[in-house]
Amino acid sequence: MWIMAARRILIGIFLIWAVSAFIFLITQILPGDAAELILGQTATDASLEALREKLGLNQAWYTQYLNWIYGLVTGDLGVSVAGGSTIADLIKFRIGNTLFVGGIVAVISIPLSLSLGLTAAMMPGSMIDRVITATTLGLIAVPDFFVAIFLILILAVGLGWFPSVSYLRGNEGFLKSLYVLTLPIFTLVLVVSAQMTRMTRAGILNVMSSPYIEMAILKGIPRRTIILRHALLNSIGPIINVIALNLAYLVSGVVIMETIFAYPGLAKLMVDGVQTRDIPLVQACGMIFCTTFVVLILIADLATIVSNPRLRHPK
Amino acid sequence: MKNELEKDVPETDAYEELHDVPAKSRLRLSWIGKFCLGIVIFWIIIALFGSYLAPYHEAHFIEEDLTGNEFDDPSFMSPTRQVLLGTDYIGRDVLSRIMWGARTTIGISFVATILAYIVGIFLGVTAAVAGKWTDAILSRSIEVVLSFPSIMLGLITIAAFGSSIPILIVLSGLIYAASVFRIARALSLDIIVQDFVEVTRARGEGLWWIITREVLPNIAMPLATDFGIRLIFIILFISSLSFLGLGVQPPISDWGSMVRENLQGLANGFSGGAIATIAPALAIASLTIAINIIIDDISAHDGGSLSGKMV
């Protein structure tokens with residue numbers, strides 16, 4: 001097991017390196033360079049040269065890459081092209097907001113979708129199962145912003161219960177922030193739970209079709225007992241896998257959600273950065289999101305290895 | 001020549017069974033599947049001919065009503081007989097823009113899916129056939145692509161290159177080529193070890209023959225059912241980018257950007273503007289849900305979702 005896990009972790013490290021190389025590469029293949037981008041086309045050669053000197057753009061590409069990596073690790077992410085403030089400050093302010101929403105969404109959607117998935121798997125073909133399957137299929141098949149728009153239309157415009165823009169000043173209490181954030185949280189919960197419910201259902205049904213369960217059925221054990229006592233324990237690995245994968249999906253969901261609700265989170269910062277072509281900012285945010293994504297998927301894989309006795313004790 | 005051959009074949013039941021064509025039952029859709037097929041065909045027709053059928057050009061501003069009186073404020077008008085779905089945030093006909101947008105949204109997604117398939121199948125089959133090292137290098141590189149959330153790859157690439165329709169097509173085509181690669185490679189690996197391929201090898205056929213005559217025909221059917229799923233993902237991906245303002249650029253209409261542009265109208269309710277946001281969103285949703293249900297229907301007859309009915 002340790003060898004397998006170690007190999008998986010090494011692959012994870014390799015992937016993070018590859019991601020960083022790719023993100024760095026973007027600056028290198030840009031037409032012109034960051035100095036021209038910052039100063040615009042009217043800049044004189046002298047001022048361009050001075051800025052290049054300051055940003056370290058005169059060095060060889062590998063020195064630049066190492067400097068960038070060093071900056072990422074030590075938290076010195078450089079200066080934002082647009083605002084002039086340091087990227088580290090911008091991110092520090094925003095990342096808490098994103099983690100706050102992400103955390104609440106995880107806390108709600110994990111138990112919700114596990115129980116829904118379990119219910120659906122307990123009585124496949126029943127009315128409840130069909131409703132759950134159809135609803136989740138519908139939610140997956142539509143764009144994330146579609147869900148958000150309908151929630152806004154019904155809950156904010158129609159009924160007027162919640163605000164449709166999630167602007168936080170930072171001095172609200174927990175409950176007040178929660179109230180302001182109801183719609184974005186609700187949107188993300190729906191989107192993420194739909195995936196997770198389906199995967200949970202599929203995971204359990206997969207276990208249910210294995211020979212030992214068939215044996216239990218033939219022995220006449222009630223379905224509920226089979227699922228709770230025999231199938232559930234063996235689905236724990238796949239379920240942890242599902243949870244980690246879906247937290248990874250949150251990464252993309254959060255981009256749409258923060259844009260539609262104008263929520264000052266990290267993803268909004270990144271999207272704004274892309275629009276103003278603030279490359280250093282986009283690189284830093286992209287690196288944070290992608291690393292999170294890789295780490296979550298790594299956890300998902302490790303969970304599968306650890307929870308499977310056949311992988312834990314290879315012959 | 002062909003006719004003579006057909007004549008020679010005895011018309012027996014045994015021959016029917018040997019026939020290569022998949023059984024008819026495979027394409028029998030339930031009524032809801034047929035309904036969804038209708039929706040998809042409807043959107044394809046709109047995508048092909050919408051720009052000719054639309055009452056206005058996608059960039060046309062509605063300035064005066066049918067009798068020639070000028071509007072004070074043509075933006076976010078409610079539906080009238082002149083503008084069936086109302087106008088958008090700067091006074092363009094929503095219906096016309098949806099009809100024009102069908103071409104952009106469906107067209108870009110379709111071309112991107114084709115690109116994803118060409119690149120993905122080519123690399124996937126190559127990886128399976130060409131041997132250990134090529135396979136290892138290709139598979140690792142594809143893993144790197146898959147270790148990005150696709151929206152992040154989109155954001156980073158667009159930050160560097162800006163956004164234009166060719167870039168959108170290449171970008172989404174290449175991102176989703178990675179998943180096609182995995183499927184194509186896995187399917188080809190199954191074929192490659194079969195006896196009939198070994199016989200071909202022993203006969204001395206080259207790599208090209210094996211790929212085109214043995215592998216590709218055998219993986220075509222499973223890949224075809226996957227096409228719809230990939231198309232949905234690409235439609236959603238491109239719409240999301242457009243929704244973020246990073247996809248199709250104005251004045252070209254596209255369903256995703258229409259939702260974004262008219263987002264402010266949502267707060268006005270149905271009397272003014274909400275339709276301009278909801279209509280394009282519904283257009284995307286109807287198309288993707290319909291494709292999804294058709295695939296589900298087909299795979300149900302194929303035995304794909306039978307596992308759900310078992311136990």
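The values are calculated or read from the model by the stated rules, or taken from the named source; none is laboratory data. Please read all numbers here as calculations on a predicted model, not as lab measurements. When we count neighbours, we look across all protein chains shown, and the Cβ atoms used for this are built from the backbone with ideal geometry, even at glycine. When the accessible area is computed, the model is the full protein with side chains, heavy atoms only, and any ligands, DNA or RNA have been set aside. Shrake-Rupley method; radii C 1.70, N 1.55, O 1.52, S 1.80 Å.
Is it fair to say B:A220 is away from every other protein chain (no Cβ under 12 Å), open to solvent by less than 60 Å² (accessible area, probe 1.4 Å) and at pLDDT 80 or above?
Yes.
Where residues in the stretch A:283-296 are touching a residue at least 40 places away in the same chain (Cβ under 8 Å) and facing another protein chain (nearest Cβ under 7 Å), which of them is farthest from B:V145 (Cα to Cα)?
A:G286
Among the residues of the stretch A:206-226, write down those that are touching a residue at least 40 places away in the same chain (Cβ under 8 Å) and either surrounded by 21 or more Cβ atoms within 10 Å (Cβ to Cβ) or not in a helix (DSSP H, G or I) (or both).
Result: A:M208, single match.
Within the stretch A:232-288, track down each residue that is among the charged types (D, E, K, R), open to solvent by less than 10 Å² (accessible area, probe 1.4 Å) and over 15 Å from the mean Cα position of the chain (by Cα).
Passing the criteria: only A:D278.
Any residue at all in the stretch A:298-312 that's open to solvent by 40 Å² or more (accessible area, probe 1.4 Å) and out of contact with any helix residue (DSSP H, G or I) (no Cβ under 9 Å at 6 or more places or on another chain)?
yes
Tell me, which helices (runs of 4 or more DSSP H) lie completely within the stretch B:1-79 with 2 or more residues that are at pLDDT below 50?
B:2-8, B:13-18
Any residue in the stretch B:228-250 that is more than 18 Å from A:V282 (Cα to Cα), away from every other protein chain (no Cβ under 14 Å) and surrounded by fewer than 16 Cβ atoms within 10 Å (Cβ to Cβ)?
No, every residue in the stretch B:228-250 fails to be more than 18 Å from A:V282 (Cα to Cα), away from every other protein chain (no Cβ under 14 Å) and surrounded by fewer than 16 Cβ atoms within 10 Å (Cβ to Cβ).
For the condition in a helix (DSSP H, G or I) and surrounded by fewer than 24 Cβ atoms within 10 Å (Cβ to Cβ), what is the one hit in B:I284, B:I278?
That would be B:I278, the only listed residue that is in a helix (DSSP H, G or I) and surrounded by fewer than 24 Cβ atoms within 10 Å (Cβ to Cβ).
Quick one: would you say A:Y212 is more than 10 Å from every other protein chain (Cβ to nearest Cβ), among the aromatic types (F, W, Y) and more than 30 Å from the chain's Cα centre (by Cα)?
yes
Evaluate the stretch A:245-264: report whether one residue or more is touching a residue at least 40 places away in the same chain (Cβ under 8 Å), farther than 30 Å from B:N262 by Cα and out of contact with any Leu (no Cβ under 6 Å at 6 or more places or on another chain).
Yes, the stretch A:245-264 has at least one match.
Looking only at the stretch A:177-205, how many residues end up being open to solvent by 70 Å² or more (accessible area, probe 1.4 Å) and closer than 23 Å to A:P143 by Cβ?
2
Residue under question is A:L66, and the condition is that it be open to solvent by 50 Å² or more (accessible area, probe 1.4 Å), modelled with pLDDT under 80 and part of a helix (DSSP H, G or I); does it hold?
So A:L66 fits the description; yes.
Out of all the residues in the stretch B:203-254, which are of a type in the set (D, E, K, R), touching a residue at least 60 places away in the same chain (Cβ under 8 Å) and assigned to a helix (DSSP H, G or I)?
If the condition is that a residue be of a type in the set (D, E, K, R), touching a residue at least 60 places away in the same chain (Cβ under 8 Å) and assigned to a helix (DSSP H, G or I), then B:R230 is the only one that fits.
Can you say whether A:A300 is within 21 Å of A:M1 (Cα to Cα) and either within 14 Å of chain B (Cβ to nearest Cβ) or part of a helix (DSSP H, G or I) (or both), as far as the supplied structure shows?
yes
Inspect all residues belonging to the stretch B:253-272 and state whether any of them is over 30 Å from A:D129 (Cβ atoms), touching a Ser or Thr at 6+ places or on another chain (Cβ under 9 Å), at pLDDT 80 or above and open to solvent by 40 Å² or more (accessible area, probe 1.4 Å).
yes
Restricting attention to the stretch B:122-178, which residues are at positive phi and either away from every other protein chain (no Cβ under 12 Å) or aromatic (F, W, Y) (or both)?
B:G131
Do we find a residue being more than 30 Å from B:G206 (Cβ to Cβ), outside any helix (DSSP H, G or I) and within 14 Å of chain A (Cβ to nearest Cβ) anywhere in the stretch B:90-106?
Taking every residue of the stretch B:90-106 in turn, none turns out to be more than 30 Å from B:G206 (Cβ to Cβ), outside any helix (DSSP H, G or I) and within 14 Å of chain A (Cβ to nearest Cβ).
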